[in-house]
1. Just checking: which of the helices (runs of 4 or more DSSP H) contained wholly in segment 43-134 hold 1 or more residues that are surrounded by 18 or more Cβ atoms within 10 Å (Cβ to Cβ) and over 15 Å from the mean Cα position of the chain (by Cα)?
2. Taking segment 162-185 as the region of interest, how many residues are near ligand 2 (Cβ under 6 Å from one of its atoms) and not in a helix (DSSP H, G or I)?
3. Given G176, G145, G124, which one is on the phi > 0 side of the Ramachandran plot and touching a strand residue (DSSP E or B) at 6+ places or on another chain (Cβ under 9 Å)?
4. Which of (1) within 30 Å of L31 (Cβ to Cβ); (2) within 13 Å of ligand 1 (Cβ to nearest atom) does K207 not meet, given it meets every other one?
5. Hey, can you tell me all the residues within segment 19-42 that are outside any helix (DSSP H, G or I) and away from ligand 2 (no atom under 16 Å from the Cβ)?
6. If only one of S45, S65, S39 is assigned by TED's automatic domain parsing to the domain that holds N200 and either touching a residue at least 40 places away in the same chain (Cβ under 8 Å) or touching a strand residue (DSSP E or B) at 6+ places or on another chain (Cβ under 6 Å) (or both), which one is it?
7. Checking the conditions here, which among V170, V198 is under 27 Å from Q96 (Cβ atoms), of a type outside the set (F, W, Y), touching a His at 6+ places or on another chain (Cβ under 8 Å) and more than 11 Å from ligand 1 (Cβ to nearest atom)?
8. All but one of (1) surrounded by 15 or more Cβ atoms within 10 Å (Cβ to Cβ); (2) within 16 Å of ligand 1 (Cβ to nearest atom); (3) hydrophobic (A, V, I, L, M, F, W, C) hold for M191; state the number of the condition that does not hold.
Amino acid sequence: MNAPTSHTDDFQQLTLALSKGRIFEETLPLLEAAGIRVSEDPEKSRKLIIGTNDPNIRVIIVRASDVPTYVQYGAADFGVAGKDVLQEHGGAGLYQPIDLQIAQCRMSVAVSEGFDYARAVRQGARLRVATKYTEIARNHFASKGVHIDLIKLYGSMELAPLVGLSDAIVDLVSTGNTLRANHLIEVEHIMDISSRLVVNQAALKLKRLRLQPILDAFASVAGA
Ligand code: ATP
Ligand code: PRP
């Protein structure tokens, strides 16, 4: 029979929330700097809870946009999430101590090559904007005094102007290859995006002794 878990043991356990793909890949060197090695590749194993070389640290694999929610409610003690995701979530219950400077890109407005964006904005007609990032888009156009009709999408935003669903999109741009491949042009740069370490506010107090060395290791690599 297993020995009952003591209250003290609970304070030793740490759960890190990561999403598959670029966040997972780009967080591995940071974990390595903290002496943490994951025991499996989530792309291959399909497991959602992955162990590490430290029996008290585990990684859970969630959708990128769900990372703040798991950390907010304490189902994960800490996680890594893009600034885009954090702005959409709002950041309640989260402490954001470190810009990890990974998964770097920018949030932009883009339109079809032939669309006169400056004229559309000047004329003051309502602009139809398709995006997954509705909070960011709403705030951006409100600050410019531009009236928009927001169309919520969950992916492949670049398609929307091509088939007449919208006049413009708000989406992430990195190399610009996706825009170019679809004959779209970037007409406004809304903000630079990178990923942040997010920590549950209660965990930061209760598990500080366990968390702090990991935060320090992450910060030393992020700043390098
Ligand atoms: P979800 O699975 O929740 O729909 P997603 O598909 O946006 O999210 P990823 O593609 O893994 O998830 O992106 C994770 C994060 O990486 C984004 O939140 C963003 O901050 C950043 N990112 C997205 N696209 C790029 C890119 N092309 N280059 C660099 N960073 C990017
Ligand atoms: C993101 C974003 C764009 C693309 C921009 O999508 O929504 O579609 O990346 O990157 P680019 O400017 O380098 O083309 P997603 O994460 O689906 O794309 P990826 O996995 O192919 O980078």
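1. 117-123
2. The total comes to 6.
3. Values: G145 fails: touching a strand residue (DSSP E or B) at 6+ places or on another chain (Cβ under 9 Å); G124 fails: touching a strand residue (DSSP E or B) at 6+ places or on another chain (Cβ under 9 Å).
Unique residue meeting the criteria: G176.
4. (2)
5. Passing the criteria: A34, G35, I36, R37, V38, S39, E40, D41.
6. From the options S45, S65, S39, the qualifying one is S39.
7. The unique qualifying residue is V170.
8. Every condition holds for M191 apart from (1).
The values are calculated or read from the model by the stated rules, or taken from the named source; none is laboratory data. Small disclaimer: the values here were computed from a predicted structure and weren't measured. Virtual Cβ from ideal backbone geometry, glycine too; neighbours counted across all protein chains shown.
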